[in-house]
Amino acid sequence: MPVPNIVGLSLNDTLLQMSRSKIIFNFTAQLPAEGQEAGTVVSQKQSGNRQTLPAYSRVDAVIAIPDSPKGNLVYGLLDERLPPYPYALPVELKAETPEGNAYSIVALQHTGNRLTIPYAVPHNTRLILTVSGNEIRRFTVE
């Protein structure tokens with residue numbers, strides 16, 4: 001599988017790449033440095049579209065996550081330990097706003113173990129993580 005280069009991508013573009021690729025990104029967060037936008041991927045272990053890895057290989061990446069809200073958005077990084085799966089299963093992170101609006105943040109295929117998903121949602125949004133349609137975790141972003 002080609003490894004997408006996500007360095008410099010916005011949060012939304014990163015989530016889009018995660019949903020389209022069979023590469024699993026293991027994110028860690030750091031505070032944005034001067035000149036870095038919140039939610040931007042600042043580094044990746046393997047960069048460039050020419051490199052290939054087996055499907056569902058893991059690539060480390062660092063994303064800029066501010067420690068306080070930016071505008072009306074709270075940034076964060078979901079870091080969940082899942083059981084290992086014998087094959088990739090559908091995973092989805094959904095959001096429900098305080099007003100009751102529901103939407104999908106990202107849907108992807110995952111083989112289990114460590115799952116990391118960056119997000120930016122309004123304060124008091126409820127996040128729901130599902131695997132194969134079964135709820136794994138639900139929490140409210142403070």
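The values are calculated or read from the model by the stated rules, or taken from the named source; none is laboratory data. Predicted model, so just to flag it, every value in this text is computed and none were measured. A quick note on method: Cβ atoms are made from the backbone with ideal geometry, for glycine too, and the neighbour counts reach across all protein chains shown.
The residues in region 18-37 that are modelled with pLDDT under 95 and hydrophobic (A, V, I, L, M, F, W, C) can be counted, and the count is 1. Residue count for region 84-117, restricted to those that are at positive phi and surrounded by 13 or more Cβ atoms within 10 Å (Cβ to Cβ): 2. Inspect region 60-77 for any residue being surrounded by 14 or more Cβ atoms within 10 Å (Cβ to Cβ) and touching a Lys or Arg at 6+ places or on another chain (Cβ under 6 Å) and give the result as yes or no. Scanning region 60-77, I find no residue that is surrounded by 14 or more Cβ atoms within 10 Å (Cβ to Cβ) and touching a Lys or Arg at 6+ places or on another chain (Cβ under 6 Å), so the answer is no.
Listed by first and then second residue, the pairs with beta-carbon distance under 7 Å, at least 6 apart or on different chains, first residue in region 126-140 and on the phi < 0 side of the Ramachandran plot, second surrounded by 14 or more Cβ atoms within 10 Å (Cβ to Cβ) and among the hydroxyl-bearing types (Ser, Thr, Tyr), are LEU127/TYR119; ILE136/THR130. Scanning region 45-84 for residues that are part of a strand (DSSP E or B) and of a type outside the set (Asp, Glu) yields a total of 16. What do you reckon, is VAL42 in contact (Cβ under 8 Å) with a residue 40 or more places away in the chain, of a type in the set (Val, Ile, Thr) and either over 14 Å from TYR119 (Cα atoms) or outside any loop (DSSP other than H, G, I, E, B) (or both)? No; evaluated as a whole, the condition is false for this residue. Among the numbered criteria (1) surrounded by fewer than 17 Cβ atoms within 10 Å (Cβ to Cβ); (2) out of contact with any Leu (no Cβ under 9 Å at 6 or more places or on another chain); (3) within 19 Å of PHE27 (Cα to Cα), which one does ARG81 miss? Among (1) surrounded by fewer than 17 Cβ atoms within 10 Å (Cβ to Cβ); (2) out of contact with any Leu (no Cβ under 9 Å at 6 or more places or on another chain); (3) within 19 Å of PHE27 (Cα to Cα), ARG81 violates only (2). Determine, yes or no, whether THR28 is closer than 24 Å to PRO90 by Cα and part of a helix (DSSP H, G or I). Judged against the criteria, THR28 is not a match.
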